[in-house]
1. Please determine whether any residue of segment 122-132 is over 30 Å from the mean Cα position of the chain (by Cα), open to solvent by less than 30 Å² (accessible area, probe 1.4 Å), farther than 17 Å from Asp72 by Cα and hydroxyl-bearing (Ser, Thr, Tyr).
2. Inside segment 211-230, can you point out the residues that are open to solvent by 20 Å² or more (accessible area, probe 1.4 Å) and under 29 Å from Glu318 (Cβ atoms)?
3. Sort out which residues of segment 409-433 are out of contact with any helix residue (DSSP H, G or I) (no Cβ under 6 Å at 6 or more places or on another chain), within 21 Å of Tyr462 (Cβ to Cβ) and part of a strand (DSSP E or B), and write them in order of number.
4. Within segment 251-264, count every residue that is crowded, with 21+ Cβ neighbours inside 10 Å and part of a strand (DSSP E or B).
5. Can you find, within segment 184-227, the residue that is nearest to Pro152 (Cα to Cα) among those that are without any contact (Cβ under 8 Å) to a residue 40 or more places away in the chain and among the hydroxyl-bearing types (Ser, Thr, Tyr)?
6. When Trp113 is evaluated against the numbered criteria (1) under 31 Å from the mean Cα position of the chain (by Cα); (2) among the hydrophobic types (A, V, I, L, M, F, W, C); (3) more than 24 Å from Ser189 (Cα to Cα); (4) open to solvent by 50 Å² or more (accessible area, probe 1.4 Å), which criterion, by number, is the only one it fails?
7. Restricting attention to segment 112-163, report how many residues are within 19 Å of Phe179 (Cβ to Cβ), acidic (Asp, Glu) and at pLDDT below 95.
Amino acid sequence: MKEKIFLLGSAVFCMSLFAGDICDLTLNPEARDGHTPADSNRFFTVCSSSRFEAHPSSVMLDDDKTILVFWDIQQAGPCGPAAISKDAGRTWTRIDDRIPKEFSQCYDEPKAWRFIDPKTNKSRIRVFASYAKADEYDWRGADDRALVEAMPSIMSEDDGQSWRFMPPLGADFACVVGFSGMVRLLDGSYLGVFSRGKNPNGIGGNYSIMGSISKDGGLTWEKPFLIAKADKMSFLLPTVFRSPDKKQLCCIVTDWRTRGGTAYFVISKDEGKTWTGPLRVCDELSGSEHSVGVLADGRITAAFLKGSQICGWIGPYEALYSRDTKAGYRAKLIHNYAEGSTAGSANLHIRKTGEAVVIAHSQFNLHRPMPAVVAMRFNPNEIERILKTRVNAKVDFESWTPFAGSTFTPLEHVKLYGPFAQELVMKDKKSRELYKFDGSKNYIQKAAGSSPREVSSKNGTYEISKHAQRRAGNAAILVWSVRVKSDCKTRLRLIASPTARCCLMGKTVLPPACSGIFDMRTAEISLKKGDNEISVMVYQPQDTFSVERGFSSMPMRVAAALELKDFSYVRSDAIGDNWQDESFDLDL
């Protein structure tokens, strides 16, 4: 009996580090299948339930390991849930019973900040909601209603052991969301920033960036003042931080009219009294809901929502001005299996050890329909190390051993079909969309012919350009024939580019895209007793994204392995009488 396993993939690797490369920290290195749990040494669940729990905000205490986090339920719903970790985010204990009941009647994205009173040197934590309950059915109230319920809060003066409810700051603090950014000024005061719309209740029209000063450690707040606005931009969820040389305040904010895609910054050189006009940040930092920290070496690191994923960036502060995309390193920090508001609200804490802790919400579990509050840890230096290691492997292909030290056995003998022009299997040449690869005899014969060449690998890796003259738009099909003694379940591992599209019997078995150009993906598969055909189509992507990123000019490479020791290769014609003939009509 023959069982067919068909994969559609694209294998393109860059020969140097460039802006398109992303260090993906989101899943266990042993899996890219969505079923294997995330790395338990890196990711930790704060809260996961059957209801929508999101928008966390957190503070870290001076002991460098105690973190308190607060969030809301439903979409922009009531506040109240809270948790504490005493080991820098590894384990969490719920502390909802400490929170005043009045806070459960306050709504929309709690924002937590820790203050030091400049006169008494006493610390306090204050957690702001957007509004107290204004109406039974519409808590924000009518657009023309000046709400006095703006920015209610809870406050603790014993590092979170006890709390008391604080009345709203009032109508002057009408906002979209409460203080989304906070920075300590040189005189010990604090500057808080938030967004406000044109209507009295804080929403409507294009949003402006507002600021307010507290001179007594967060107890009282001065009347808000305008920091930035623009007629054709809507600034939402600003953050603010001090430059590494301590001379500037920088506020990063998203233009919400671009659906969270474009970020800008404004600078103050006089402790928040005056600000420059908005300028675009470098593309690598574009996104929304930024949280920024300064490393000991003067670099900045940021966690933010980019698209539907929680991402990060590490690089020099000056890159904000120069927009130099090669100045820093990009990372994917927390994966989101869904879209839209199921991920966001990144909180970044830099520990004295240099380690970073990020807390955000995301639909991190493929099998749970609701977002969870998740904590993750990483060392900013490891991102650079991982990316440089990839570069070395791309340059020194002969010594590349991607499966060394793993339980996977490289697939070392393959039948290679092609090359053939990628245009032959394009459904739409304008969009560069390909027909779905089905691994059928009809597809392979029409696209690549019926005369494969036997090729042996180097540690399970294949450089297609060595076996086929490369030209723009090239494609090739690889077929591994393996024999097993009995039905079994195993895992297949493939290394391919972000444009890879992989499927098993017409169904996706590997994530359709990866963040970086050197990522591994792993699928759980079933093999039948006897001979099995594993097929992979590799091609040089010609879509706009790939061309812009330089993927289309790289040599085609692929690496594959099975988590199985007891199998053998079948050296026979790859297309036999038992191959399936069902396929689309490939019109050549």
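1. Within segment 122-132, one or more residues are over 30 Å from the mean Cα position of the chain (by Cα), open to solvent by less than 30 Å² (accessible area, probe 1.4 Å), farther than 17 Å from Asp72 by Cα and hydroxyl-bearing (Ser, Thr, Tyr).
2. Ile213, Phe225, Leu226, Lys229, Ala230
3. Across segment 409-433, the qualifying residues are Thr409, Pro410, His413, Val414, Lys415, Pro419, Ala421.
4. Count: 7.
5. Thr220
6. All conditions pass for Trp113, except number (3).
7. Residues flagged as within 19 Å of Phe179 (Cβ to Cβ), acidic (Asp, Glu) and at pLDDT below 95 within segment 112-163 amount to 1.
A quick yes/no check of all residues on (1) outside any strand (DSSP E or B); (2) surrounded by fewer than 22 Cβ atoms within 10 Å (Cβ to Cβ); (3) at pLDDT 75 or above:
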| residue | (1), (2), (3) |
| --- | --- |
| Gly439 | yes, no, yes |
| Gln445 | yes, yes, yes |
| Ser465 | yes, yes, no |
| Ala472 | yes, yes, no |
| Lys489 | no, yes, yes |
| Thr499 | yes, no, no |
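The values are calculated or read from the model by the stated rules, or taken from the named source; none is laboratory data. What you see is a predicted model; the values in this text were computed from it and never measured. Positions of Cβ are generated from backbone atoms using ideal geometry, with glycine treated the same way; all protein chains shown enter the neighbour counts. Quick note on the areas: whole protein, heavy atoms, side chains included, nothing else; ligands and nucleic acids left out. Shrake-Rupley method; radii C 1.70, N 1.55, O 1.52, S 1.80 Å.
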